[in-house]
């Protein structure tokens, strides 16, 4: 199993177990130590992973940080852990801040087993920054972030290599956060900037109030259009793999009826909507990162639309329950139990991308590989 697959497995476990984890110790055992192992650090070797690491700091004696990670006898990372259900805050970094100055470590991590905040000393040498330069969310990450995380593994660890990209990561993520805020709720400055570019009249408060809703809608519509273009491009890049025969053409109307659609050994009349087809395409675009896209097949039925791996009903990736007032995305656990998650729209499917990828990957793992469908 490569690093990406290991992270997907840990993510799947975190999604399943996080609500049942009550203590910091349970968080360490269930979530944090598996990640350290995936990074190549032997949690049972005290020369590599030092629990309850102590370093006297000024007048404060005997304070401990949860883990110190060592390579070649030198401390390379300090890790402070919090319970899974706690929300990380800069109020939690005081011990890391003090320890940073008295060890040779250039990196510190604050984590609750789901969120991982990585700190270094970009602002002032040998003084830990108040803000992380890299944040990794085990339940919501991008492939590029896995590549950044991999840099902290024992076999790839190189201080200068990490520091070279740390500044871009830090300020890039802050810019993304600010842009996201502007898209969700544009500030007056942004609204004025955009209005001034398209409106020649005098910008009064009345004009500002008139145009603000239009600016907000235009920003959201622009993002949605860019996402749809990216999705269409991702589908096209897969050699324009044809949709399965059981699915009507994408260009058919939203209420098209696929009469005589085969479902198992029965023939049923099912309604395949444009929304279901778009949901299917979104799922394909997500899981194509971990499995070949031509293995992802859609089977529509009257009550739900199933998306399967290898056209095998023993390998469900998810179900789309769209034929009702409240829409649900059905995702499966290790025992094939379906977890129905209410969604407001198709974009919400992306929120669960990591679980979908982990589910698709699990079917290729030797221990869970199913026999072909008869």
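The values are calculated or read from the model by the stated rules, or taken from the named source; none is laboratory data. Predicted model, so just to flag it, every value in this text is computed and none were measured. Note that each Cβ is placed from the backbone with ideal geometry, even for glycine, and that neighbours are counted across all protein chains shown.
Within the stretch 9-32, which residues are buried (at least 18 other Cβ atoms within 10 Å of the Cβ) and in contact with a helix residue (DSSP H, G or I) (Cβ under 7 Å, 6 or more places away or on another chain)?
Residues satisfying the conditions are 10, 11, 12, 14, 15, 21, 30, 31.
Select from the stretch 299-321 the residues that are touching a helix residue (DSSP H, G or I) at 6+ places or on another chain (Cβ under 9 Å) and touching a residue at least 60 places away in the same chain (Cβ under 8 Å) and list them in ascending order.
310, 311
What pairs can you find where one residue is in the stretch 352-368 and at pLDDT below 85, the other is in a loop (DSSP other than H, G, I, E, B), and their Cβ atoms are less than 9 Å apart, with a gap of 6+ or different chains?
Listed by first residue and then by second, the contacts come to 364/290; 364/291; 365/1; 368/334.
What number of residues in the stretch 83-104 are surrounded by fewer than 20 Cβ atoms within 10 Å (Cβ to Cβ), within 24 Å of the chain's Cα centre (by Cα) and assigned to a loop (DSSP other than H, G, I, E, B)?
Total satisfying the criteria: 6.
Can you confirm whether the stretch 141-150 contains a residue that is crowded, with 19+ Cβ neighbours inside 10 Å and either touching a helix residue (DSSP H, G or I) at 6+ places or on another chain (Cβ under 6 Å) or farther than 18 Å from residue 40 by Cβ (or both)?
Looking through the stretch 141-150, at least one residue is crowded, with 19+ Cβ neighbours inside 10 Å and either touching a helix residue (DSSP H, G or I) at 6+ places or on another chain (Cβ under 6 Å) or farther than 18 Å from residue 40 by Cβ (or both).
Consider residue 181 carefully, then state whether it is closer than 22 Å to residue 89 by Cβ, over 18 Å from the mean Cα position of the chain (by Cα) and surrounded by 14 or more Cβ atoms within 10 Å (Cβ to Cβ).
Answer is no for this residue.
For the stretch 86-106, what are the residues that are farther than 19 Å from residue 28 by Cα and touching a strand residue (DSSP E or B) at 6+ places or on another chain (Cβ under 6 Å)?
98, 99, 100, 102, 103, 104, 105
Look at residue 114 and say whether it is at pLDDT 90 or above and either out of contact with any strand residue (DSSP E or B) (no Cβ under 6 Å at 6 or more places or on another chain) or within 16 Å of residue 174 (Cβ to Cβ) (or both).
It is true that residue 114 is at pLDDT 90 or above and either out of contact with any strand residue (DSSP E or B) (no Cβ under 6 Å at 6 or more places or on another chain) or within 16 Å of residue 174 (Cβ to Cβ) (or both).
Select the helices (runs of 4 or more DSSP H) contained entirely in the stretch 132-231, then report the ones holding at least 3 residues which are closer than 30 Å to residue 356 by Cα.
In the stretch 132-231, 143-150, 159-184 are the helices (runs of 4 or more DSSP H) which contain 3 or more residues that are closer than 30 Å to residue 356 by Cα.
Output the number of residues of the stretch 108-128 satisfying the condition of being within 18 Å of residue 91 (Cα to Cα) and either assigned to a strand (DSSP E or B) or more than 26 Å from the chain's Cα centre (by Cα) (or both).
Looking only at that region, the number is 12.
Evaluate the following for residue 294: is it touching a helix residue (DSSP H, G or I) at 6+ places or on another chain (Cβ under 9 Å), over 21 Å from residue 227 (Cβ atoms) and not in a strand (DSSP E or B)?
No, not satisfied.
Which residues, taken from the stretch 21-52, are assigned to a loop (DSSP other than H, G, I, E, B) and either out of contact with any strand residue (DSSP E or B) (no Cβ under 9 Å at 6 or more places or on another chain) or farther than 21 Å from residue 146 by Cβ (or both)?
21, 22, 23, 40, 42, 44, 45, 46, 47, 48
Residue by residue through the stretch 1-39, note down the ones that are in contact (Cβ under 8 Å) with a residue 40 or more places away in the chain and within 16 Å of residue 289 (Cβ to Cβ).
Within the stretch 1-39, 1, 3, 4, 5, 7, 8, 9, 11, 12 meet the criteria.
This table checks each residue for (1) in contact with a strand residue (DSSP E or B) (Cβ under 8 Å, 6 or more places away or on another chain); (2) assigned to a loop (DSSP other than H, G, I, E, B).
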| residue | (1), (2) |
| --- | --- |
| 290 | no, yes |
| 298 | yes, no |
| 303 | yes, yes |
| 307 | yes, no |
| 312 | no, yes |
| 336 | yes, yes |
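Just checking, which of 168, 140 is in contact (Cβ under 8 Å) with a residue 60 or more places away in the chain and under 23 Å from the mean Cα position of the chain (by Cα)?
Step by step, each of 168, 140 is checked, and only 140 is in contact (Cβ under 8 Å) with a residue 60 or more places away in the chain and under 23 Å from the mean Cα position of the chain (by Cα).
Looking at (1) at pLDDT 90 or above; (2) surrounded by fewer than 16 Cβ atoms within 10 Å (Cβ to Cβ), find the lone condition where residue 349 falls short.
(2)
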